[in-house]
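The next block holds one structure in the form of structure tokens; read it before the comments.
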Amino acid sequence: MTAMVKAEGVHKSFGAAHILKGIDLEVAPREVFCLIGPSGSGKSTFLRCINHLEQINAGRLYVDGDLVGYRQKGDRLFELKDSEVALQRRDIGMVFQRFNLFPHMTALENVMEAPIQVKGEARAVARARAEQLLDRVGLSDKARNYPSQLSGGQQQRVAIARALAMEPKLMLFDEPTSALDPELVGDVLDVMRGLAEDGMTMIVVTHEMGFAREVGDALVFMDDGVVVESGHPRDVLTNPQHDRTKSFLSKVL
Ligand SMILES: Nc1ncnc2c1ncn2[C@@H]1O[C@H](COP(=O)(O)OP(=O)(O)OP(=O)(O)O)[C@@H](O)[C@H]1O
Ligand SMILES: [Mg+2]
């Protein structure tokens with residue numbers, strides 16, 4: 001079976017700062033893969049490498065068997081053209097801590113936008129799917145609201161619907177609930193739980209250890225640009241093997 005994501009010895013530096021120091025991991029199709037670690041350990045950077053928002057300096061990243069951002073000829077790599085990178089990115093949905101909705105568009109228009117602009121989809125088709133997706137995230141009644149008229153949790157659910165509108169095969173979540181008031185976190189996690197039940201492959205950077213334990217199939221603890229420990233969430237969370245993992249968990253649990 002082809003891994004949905006495969007990282008082999010991935011290194012990333014910003015100037016002299018060596019941020020990712022050889023990441024190896026595999027995410028199976030339909031897996032919910034949680035990524036935890038201290039601030040600055042490289043979690044967001046790693047997610048950004050997966051859809052080639054950042055170039056890697058060494059190693060290989062594959063999504064669904066395809067090399068991300070490059071074409072290999074013999075043992076040399078050639079960077080893909082922007083249009084080819086854009087084509088790869090279409091299959092990967094990304095949800096950020098800050099929701100980044102288009103402020104001048106309603107919730108419905110936000111969800112319709114990419115399929116129309118990127119895929120050239122007919123408005124009626126895009127609208128029908130957007131209505132379905134807003135229903136799925138529990139926001140049918142907010143379709144005509146602008147982002148400023150929505151709570152943070154509602155905006156984040158629109159952002160998830162917007163990512164799903166492109167029918168991605170992989171969803172990347174970068175701390176999707178950490179900017180939310182505590183009482184709004186649950187609704188967003190419920191939507192993510194529903195996606196997991198429907199078999200979506202997801203990489204989730206999160207501090208929600210409850211979500212990781214209940215929904216996650218795998219958990220990786222990253223520190224200082226390396227994978228320190230990985231395994232089933234229950235094992236890693238209840239029986240961490242490394243001191244660095246223990247010390248991190250003692251602060252967040
Ligand atoms: N574009 C950039 N230029 C220079 N340095 C960067 C850039 N992006 C990230 N970094 C640095 O890389 C390191 C890892 O950052 P990253 O955002 O991946 O951490 P993180 O694990 O997501 O942290 P947090 O939990 O705070 O979100 C940090 O030291 C950061 O300052
Ligand atoms: Mg981050």
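Listed values, structure above:
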| item | result |
| --- | --- |
| Residue count, the range 33-57 (criterion: assigned to a loop (DSSP other than H, G, I, E, B) and over 16 Å from LEU249 (Cβ atoms)) | 9 |
| Positions within the range 23-41 being open to solvent by less than 10 Å² (accessible area, probe 1.4 Å) and either near ligand 2 (Cβ under 10 Å from one of its atoms) or free of Cβ contacts under 8 Å to residues at least 40 places away in the same chain (or both), in sequence order | LEU35, GLY37, SER41 |
| Subset of the range 65-83 that is outside any strand (DSSP E or B) and open to solvent by 60 Å² or more (accessible area, probe 1.4 Å) - its residue that is farthest from ligand 1 (Cβ to nearest atom) | GLY74 |
| Per-region count, the range 40-68, residues in contact with an Asp or Glu (Cβ under 6 Å, 6 or more places away or on another chain) and at positive phi | 1 |
| When residues of the range 108-122 are limited to those that are of a type in the set (Gly, Ala, Ser) and surrounded by fewer than 17 Cβ atoms within 10 Å (Cβ to Cβ), the one farthest from MET94 (Cα to Cα) | ALA122 |
| Residues located in the range 110-147, provided they are without any contact (Cβ under 8 Å) to a residue 12 or more places away in the chain and farther than 20 Å from LEU195 by Cα | ILE116, GLN117, GLY120, GLU121, ALA122, ARG123, ALA124, VAL125, ASP141 |
| Failed item, numbered, when ILE203 is tested on (1) assigned to a loop (DSSP other than H, G, I, E, B); (2) under 24 Å from GLY9 (Cβ atoms) | (1) |
| Residues of the range 223-245 that turn out to be in a helix (DSSP H, G or I), within 20 Å of GLY40 (Cβ to Cβ) and open to solvent by 40 Å² or more (accessible area, probe 1.4 Å), as a count | 2 |
| Residue under evaluation MET222, criteria (1) under 14 Å from the mean Cα position of the chain (by Cα); (2) within 16 Å of ligand 1 (Cβ to nearest atom), criterion not met | (1) |
| Residue identified as more than 15 Å from the chain's Cα centre (by Cα), away from ligand 1 (no atom under 16 Å from the Cβ) and under 17 Å from VAL95 (Cα atoms) among GLY231, GLY153 | GLY153 |
| Residues (within 16 Å of ligand 2 (Cβ to nearest atom), among the aliphatic types (A, V, I, L, M) and open to solvent by 10 Å² or more (accessible area, probe 1.4 Å)) located in the range 42-64 | LEU53 |
| Any pair with Cβ under 6 angstrom, 6 or more apart, that starts in the range 91-107 at a residue that is more than 18 Å from ASN51 (Cα to Cα) and hydroxyl-bearing (Ser, Thr, Tyr) and ends at one that is open to solvent by 70 Å² or more (accessible area, probe 1.4 Å) and within 16 Å of ligand 1 (Cβ to nearest atom) | none |
| Every residue from the range 29-39 that is within 12 Å of ligand 1 (Cβ to nearest atom) and either closer than 13 Å to ASP174 by Cα or under 11 Å from the mean Cα position of the chain (by Cα) (or both) | LEU35, ILE36, GLY37, SER39 |
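The rows are residues; the columns are (1) touching a helix residue (DSSP H, G or I) at 6+ places or on another chain (Cβ under 7 Å); (2) away from ligand 2 (no atom under 16 Å from the Cβ); (3) open to solvent by less than 40 Å² (accessible area, probe 1.4 Å); (4) under 29 Å from THR238 (Cβ atoms).
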| site | (1), (2), (3), (4) |
| --- | --- |
| SER140 | yes, yes, no, no |
| VAL158 | yes, yes, yes, no |
| ARG162 | yes, yes, no, no |
| GLU183 | no, yes, no, yes |
| ASP190 | no, yes, no, yes |
| LEU195 | no, yes, yes, yes |
| THR201 | no, yes, yes, yes |
| GLU208 | yes, no, no, yes |
| GLU214 | no, yes, no, yes |
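The values are calculated or read from the model by the stated rules, or taken from the named source; none is laboratory data. In this text the structure is predicted, and so the values were computed from the model without any measurement. Positions of Cβ are backbone-derived with ideal geometry, glycine not excepted, and every protein chain shown enters the neighbour counts. We work out accessible area using only protein heavy atoms, side chains counted, and drop any ligands, DNA or RNA first. Shrake-Rupley method; radii C 1.70, N 1.55, O 1.52, S 1.80 Å.
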